[in-house]
Amino acid sequence: MTTISTNSQPVAIAAQLAEINEAIAWHYSQISILKAKANALNSISALPNEILSKIFVEFAFLSGRPFDLKWTKVMRVCRRWHDIALGEQQLWGYIRDSFSSHSERIRCQLERSGAAPLTVDIMSGDSGFHSSLFLRHAERLRNLSFIGSGIDVLEFMNSLSHHSLPLLRAMKLDPSTKLEEVPADVPRSFPDALFDGRAPYLTELDLTQIPINWSLLRGFTRLCLVKTPDTNQSDTFVKFLSLLEASPALRYLKLGKLISSNALTQSHPAVSLPYLELIWVQEDVALCTELLRRIIIPPTTRICLYVFGINNGADIAPLLVPARNHVRAQGAPVLRCLRLDATPLRGMHTSFMVSAFIATTAPNALEYDAANFLVNSHPTTEPALRGIMTKVLKALPCSTITHLDCRNAVHLTVPTWKAAVALLPALEMVYTWLNPAAAQFLTALAELTENPRNAVVPPLQHVHLWAYAWRQNQNEPDEVGPVLAALRRLLAARHACGTPLPVLEIDEQINSLNMEEAEWEALFEKVGKFIRNGNVYDPPAQRRRYEELRRQWQAEHPNYDDSE
């Protein structure tokens with residue numbers, strides 16, 4: 001009888017496992033070789049490294065993600081791409097320091113960026129340690145943004161004034177968070193030393209609550225000054241005009257609670273800003289009015305006025321004189337889309353905003369600054385709001401406006417909508433949400449259609465309703481019922497007049513409207529074309545298509561019995 005040594009079994013198994021692992025490793029190496037050969041056959045592999053590097057850069061910027069490093073997924077394609085991306089220093093130079101950032105990741109990016117210029121975005125309430133890392137590379141800073149706690153931002157700013165900044169082009173500093181906690185001995189003014197030649201290419205400056213010597217601001221193309229008084233305590237209107245005069249190539253100008261409204265009548269020649277693309281002002285109505293009168297800007301300049309002190313039509317009338325001259329000047333862009341926003345504020349006031357756009361697509365709900373013209377107000381009553389709206393619309397060239405965005409005009413009533421529609425003779429399309437504004441607006445259109453005498457009924461062609469709201473419980477007000485009732489009334493009125501609405505478009509989420517199929521078909525019968533959730537809704541055509549497919553199936557499967 002043969003005996004097997006128990007000591008030899010583990011040795012034999014270990015040898016077999018080693019042999020298997022060696023074979024697996026060999027096969028993996030063969031797979032890598034085959035993958036490399038396959039990659040070499042792809043046409044993109046024929047591109048030189050320089051071209052691939054440019055493609056990676058374009059990918060990072062077109063995807064809008066140079067800061068979050070999501071572009072680095074190209075490094076996982078193959079070894080060659082990994083090495084190329086690793087050596088693309090300019091991409092590693094886009095560094096964001098936020099609450100979740102780790103110093104090791106920032107150190108790694110600084111190392112991989114080599115000698116490339118740095119674009120740094122600091123957004124943190126406690127970034128002192130990380131900001132010291134950037135100070136060590138101050139000579140490479142090209143674009144700098146620091147929004148954080150007051151003590152961190154101010155200490156960083158004061159430390160920056162001791163460094164040479166030969167590449168710095170744009171700087172944004174906002175210490176408004178916990179600014180009241182900054183010790184009194186910490187300098188709060190923007191250092192004059194940064195204008196002594198150590199930052200020769202600084203042409204874009206964005207400051208919030210940081211005093212600065214206005215007389216040193218020269219040759220800028222972008223200026224954003226919010227609560228930024230003159231350190232010489234001479235922040236008068238004339239001094240500000242001199243500031244503008246020192247930057248004739250200015251393209252972007254933002255002012256917020258900056259200028260004293262005293263001495264507006266002091267004489268000063270008009271300031272020409274021939275390259276200005278946008279002026280954004282948050283000031284008193286008298287100051288805004290005088291500013292528009294004292295500057296000479298191209299007709300293509302976009303104007304956004306967030307004005308204080310407009311409570312009725314009489315308050316806004318002087319401001320609309322230079323504004324009207326601008327939007328109606330020869331060469332001014334044709335305005336196609338009008339947007340109305342009305343939201344309640346504390347007390348008796350309402351925030352009412354009128355904005356006009358070139359594009360006819362629905363503007364983003366938060367992109368106010370994309371408007372070609374914008375003005376806000378704070379009316380105390382509905383008649384006051386109506387008076388402001390009427391004056392603004394009469395100042396605008398409303399004969400060219402074909403699209404209306406009333407998604408955020410929540411508190412406008414039927415009389416106000418009738419007044420607005422009367423001033424929009426070319427209105428063709430309306431964007432609205434499922435809210436009280438939609439019910440009021442559709443009711444106004446229905447009443448005008450039912451009784452067109454002595455009223456302007458616009459040639460409305462398209463209504464687009466976003467139904468993204470629903471009641472969480474029965475105690476909340478019903479927004480669906482009034483909107484659908486007003487919509488049915490409008491469609492019935494248009495149908496009765498022999499001019500049915502050409503296009504009705506409804507985007508619905510999670511069955512917000514809670515409608516039966518028969519109700520959807522009833523809407524379809526009243527319009528020329530019905531688009532539901534991005535697709536043409538045509539029940540008769542769908543039924544015909546179904547019958548056609550059914551007959552085709554039966555012809556191909558004659559022995560199939562679908563009666564059961």
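The values are calculated or read from the model by the stated rules, or taken from the named source; none is laboratory data. This is a predicted model, so every value here is computed, not measured. Counting neighbours? That spans all protein chains shown, and the Cβs are built from the backbone with ideal geometry, glycine included.
Points worth noting:
- Some residue of the stretch 200-216 being part of a loop (DSSP other than H, G, I, E, B), among the charged types (D, E, K, R) and in contact (Cβ under 8 Å) with a residue 24 or more places away in the chain: no
- The stretch 320-332, residues that are of a type outside the set (A, V, I, L, M) and in a loop (DSSP other than H, G, I, E, B): 328, 330, 331
- Of all residues making up the stretch 437-456, the number that are surrounded by fewer than 17 Cβ atoms within 10 Å (Cβ to Cβ) and of a type outside the set (A, V, I, L, M, F, W, C): 5
- Residues of the stretch 72-98 that are in a loop (DSSP other than H, G, I, E, B), in contact (Cβ under 8 Å) with a residue 24 or more places away in the chain and within 14 Å of residue 45 (Cβ to Cβ): 78 alone.
- Qualifying residue in the stretch 225-247 (condition: among the polar types (S, T, N, Q) and in contact (Cβ under 8 Å) with a residue 40 or more places away in the chain): yes
- Filter result (touching a helix residue (DSSP H, G or I) at 6+ places or on another chain (Cβ under 8 Å) and either in contact (Cβ under 8 Å) with a residue 40 or more places away in the chain or among the aliphatic types (A, V, I, L, M) (or both)) within the stretch 48-65: 52, 57, 60
- Selected residue (only one of 421, 456, 463 is of a type in the set (Val, Ile, Thr) and part of a loop (DSSP other than H, G, I, E, B)): 456
- Only a single item in (1) part of a loop (DSSP other than H, G, I, E, B); (2) modelled with pLDDT of 90 or more is not met by residue 253, and it is number (1).
- Single residue of the stretch 155-174 satisfying the filter (crowded, with 21+ Cβ neighbours inside 10 Å and in a helix (DSSP H, G or I)) that is farthest from the chain's Cα centre (by Cα): 160
- Residues (exposed (fewer than 11 other Cβ atoms within 10 Å of the Cβ) and either touching a Phe, Trp or Tyr at 6+ places or on another chain (Cβ under 8 Å) or of a type in the set (Asp, Glu) (or both)) located in the stretch 23-57: 50
- Filter pass, residue 317 being at pLDDT 90 or above, part of a helix (DSSP H, G or I) and closer than 17 Å to residue 292 by Cα: yes
- Matching residues, the stretch 129-154, being charged (D, E, K, R) and over 31 Å from the mean Cα position of the chain (by Cα): 136, 139
- In the stretch 221-246, the residues that are assigned to a loop (DSSP other than H, G, I, E, B) and crowded, with 20+ Cβ neighbours inside 10 Å: 228
- Residues of the stretch 305-314 classified as surrounded by 21 or more Cβ atoms within 10 Å (Cβ to Cβ) and not in a loop (DSSP other than H, G, I, E, B), total: 1
- Single residue of 412, 434, 442 found to be outside the structural domain of residue 458 (by TED's automatic domain parsing) and of a type outside the set (Val, Ile, Thr): 412
- The stretch 257-286, residues that are over 13 Å from residue 244 (Cβ atoms) and out of contact with any strand residue (DSSP E or B) (no Cβ under 8 Å at 6 or more places or on another chain): 260, 262, 263, 264, 265, 266, 267, 286
- Qualifying residue in the stretch 113-130 (condition: crowded, with 20+ Cβ neighbours inside 10 Å, in contact (Cβ under 8 Å) with a residue 24 or more places away in the chain and assigned to a helix (DSSP H, G or I)): yes
- Residue within the stretch 272-290 that is among the β-branched types (Val, Ile, Thr), under 19 Å from residue 388 (Cβ atoms), crowded, with 20+ Cβ neighbours inside 10 Å and within 25 Å of the chain's Cα centre (by Cα) present: yes
- Flag for residue 113 being modelled with pLDDT under 90 and among the small types (Gly, Ala, Ser): no
- Pairs, first under 13 Å from residue 80 (Cβ atoms) in the stretch 34-46, second assigned to a loop (DSSP other than H, G, I, E, B), C-beta under 6 Å, six or more apart: 39/78
- Answer from 404, 393, 427, 335 - the residue that is over 18 Å from the mean Cα position of the chain (by Cα), in a strand (DSSP E or B) and not aromatic (Phe, Trp, Tyr): 404
- Set side by side, the residues 442, 412 differ, and just one is outside any strand (DSSP E or B), within 28 Å of the chain's Cα centre (by Cα) and under 24 Å from residue 501 (Cβ atoms), which is 412.
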